[in-house]
Amino acid sequence: MVGAPWGCSNGNVSNEDARRARGAPVGRRVVLGMLGLGAAGVAVGTSLQRGVNSALAPVGQIGNVLPGAGDGFRYYSVVGGVPRRTAADYKLTVGGLVRQPQTFTMADLAALPQTRLTRDFQCVTGWRVPEVMWAGVALPDLLDVVGVSGAARAVRFTSFDGVYTESLTLEQARRRDVLVASEMLGGPVTHDHGGPVRLFVAPMYGYKSLKWLGGIELTDKVITGYWERRGYDVDAWVGRSNGRDDAPT
Amino acid sequence: MPLRDRRTEGMLERFSQAERWIHHVTALLMLVCLVTAALLYVPALSAAVGRRDLIKPLHVYAGFALPVPVLLGLLSRAFRADLSRFNRFDPADWEWLQRRDRRDVAYPKDGDGLPRGVVPIGKFNPGQKLNAAFTMGAILVMLGTGAILTFPDPWPDRWRTGATFMHDWLFLIILVVTLGHLWYAARDPGALGGLLTGRVDRAWAARHHPGWLDEHERAGEIASGNTPETPPKRHPENPDNPLKTRPNRS
């Protein structure tokens with residue numbers, strides 16, 4: 001009896017008429033049908049989601065209610081609330097193993113050479129936003145301003161959310177597709193996207209692109225970041241880490 | 001409205017204690033899943049609450065626990081019997097689905113006896129059956145896609161994105177169906193009482209599940225031992241009820 005949850009548990013009913021009177025096993029068909037649909041959805045969901053995104057794209061505020069709609073980004077934060085910084089009161093401190101520790105305002109950052117990039121944004125949880133426009137100061141340009149000391153081997157980033165941290169090796173930090181970004185999606189970086197200034201590490205998974213960038217510190221070794229202490233790969237190359245094989249961004 | 005007069009005497013056992021536990025634990029886990037899902041997934045809510053490090057594990061544990069009460073419930077004979085009832089659509093179920101007056105009741109002409117639903121629906125109506133089957137299927141699909149998302153390593157990227165897609169959109173459907181389930185429950189104190197205490201009164205059963213009431217009466221399982229045709233009198237169960245030997249339709 002235990003093996004037949006959807007079967008008959010009444011030993012009295014055995015002949016054919018009674019079996020018919022019991023009726024069709026609609027419940028079992030619904031469950032099996034849903035399992036089939038579920039499997040089909042997993043198989044073709046990638047293209048369906050793309051269709052859904054473009055169908056919903058014109059429907060303005062729906063991105064606040066439906067995931068993956070709107071601009072395609074999903075909001076992740078590890079804290080309950082993040083203090084808001086405006087462009088006027090924003091400050092970025094750069095210190096550690098540098099010749100000249102310095103604090104940058106938005107105006108200071110805007111006065112440095114600006115780099116523009118259009119690249120996909122790939123999250124380690126699977127979602128991807130194609131062809132996001134980014135603009136800001138390339139990290140190597142900023143490092144040149146403060147002067148990296150010979151002992152430095154890595155860079156540590158801290159978020160003004162008070163909790164989140166990230167890391168790069170110095171070699172990774174010198175790539176020209178790593179930005180201290182003040183613009184994304186064709187406008188200033190909004191608070192929910194990590195503004196007014198965030199990191200964008202183009203070749204790596206999204207958790208490297210720290211939001212609400214508050215501090216940059218040069219260190220003599222890699223100090224692992226928030227998610228890296230929770231099992232994520234430290235070198236987060238898209239398609240070559242975290243057991244994933246996404247197309248490179 | 002259940003009638004509060006002498007005709008309502010005699011309660012029917014609708015759900016065993018094991019069945020009520022299965023329901024309540026499943027309901028609690030489902031609520032945890034839905035609330036944490038909304039916090040993780042609805043952009044406006046996740047922007048307001050954050051705390052992904054806390055809410056995500058809560059969601060994952062509740063999700064993996066969700067099928068456990070039902071699986072343990074298979075040890076209960078009453079639960080297995082009800083699963084079988086949920087599964088089968090008998091002729092009355094098809095009639096109920098087709099009739100626009102499916103919720104109507106007929107009042108007995110002689111003024112005695114209980115108002116009865118016009119379709120001889122058994123213990124569960126087709127809406128309840130479909131809801132149960134949908135919920136079962138949904139739990140399994142969410143379990144499968146959720147497992148892919150929780151342990152993504154062995155799966156190709158296309159599947160993971162597909163699993164995200166299924167998990168996202170099925171969530172919205174489950175939310176709607178569950179709210180509908182709560183809506184119907186909230187409007188029916190008799191049904192709510194049945195789930196909380198395990199018992200319903202005969203007037204409720206006659207109105208909503210007349211076929212089930214008849215089964216009970218034939219089986220002589222009602223404490224008062226009355227049939228709907230005769231007004232109940234205060235006397236103990238009649239062990240010599242001649243109808244007792246008729247086969248149970250379930």
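Here the calculated FRET efficiency for B:Leu75 and B:Ala38, from their Cβ-Cβ distance with R0 = 41 Å, stands at 0.80, rounded to the nearest 0.05.
Given the pairs A:Lys91/A:Lys208; A:Lys208/B:Lys56; B:Lys56/B:Lys123; A:Lys221/B:Lys56, which are separated by over 27 angstrom at their Cα positions? B:Lys56/B:Lys123; A:Lys221/B:Lys56, as the Cα separations exceed 27 Å there. For region B:85-127, trypsin sites (Lys or Arg not before Pro) are listed when DSSP marks them as loop and at most 11 other Cβ atoms sit within 10 Å of their Cβ; the list is B:Arg100, B:Lys109. Spin-label model, B:Tyr61 to B:Arg103: label points 7 Å out along the Cα-to-beta-carbon direction sit 4.0 nm apart.
Taking a point 7 Å from the Cα of A:Asp141 along the Cα-to-Cβ direction, the residues of region A:90-108 with backbone N closer than 14 Å to it are A:107-108. Going by neighbour counts of Cβ atoms within 10 Å, the residues B:Trp21, A:Trp212 line up, fewest first, as B:Trp21, A:Trp212. Note on A:Gln114/A:His191: beta-carbon distance plugged into 1/(1 + (r/R0)^6) with R0 of 22 Å gives a FRET efficiency of 0.55.
Can you tell me the dipole magnitude for region B:6-245 around its Cα centre, using point charges on the Cβ only (Lys, Arg +1; Asp, Glu -1), in Debye to the nearest 20?
Around 280 debye, computed over region B:6-245.
May I ask for the distance between the Cα centers of region A:104-168 and region B:145-197, given as a whole number of Å? Cα centres, region A:104-168 to region B:145-197: 39 Å. Charged side chains reduced to their Cβ positions (Lys and Arg at +1, Asp and Glu at -1) give region B:149-222 a dipole of some 140 debye around its Cα centre. Scalar couplings 3J(HN,Hα) for region B:129-140, obtained by applying the Karplus form with A = 6.51, B = -1.76, C = 1.60 to θ = phi - 60°, are 5, 5, 4, 5, 5, 4, 4, 4, x, 5, 4, 5 Hz; x denotes Gly and Pro. If the segment from A:Asp220 to A:Ala24 were pulled out straight at 0.36 nm per residue, it would be longer than the present Cα-Cα gap by 63.5 nm. Size descriptor for region B:6-245, Kirkwood hydrodynamic radius: 20.3 Å (Cα pairs only, one decimal).
Put simply, the Cα atoms of region B:15-98 extend 50, 35, 16 Å along their principal axes, the longest span coming first.
No lab work stands behind these numbers, since they all come straight from the coordinates. Please read all numbers here as calculations on a predicted model, not as lab measurements. Don't worry about glycine lacking a Cβ; one is built from the backbone with ideal geometry, like all the others, and counts go over all protein chains shown.
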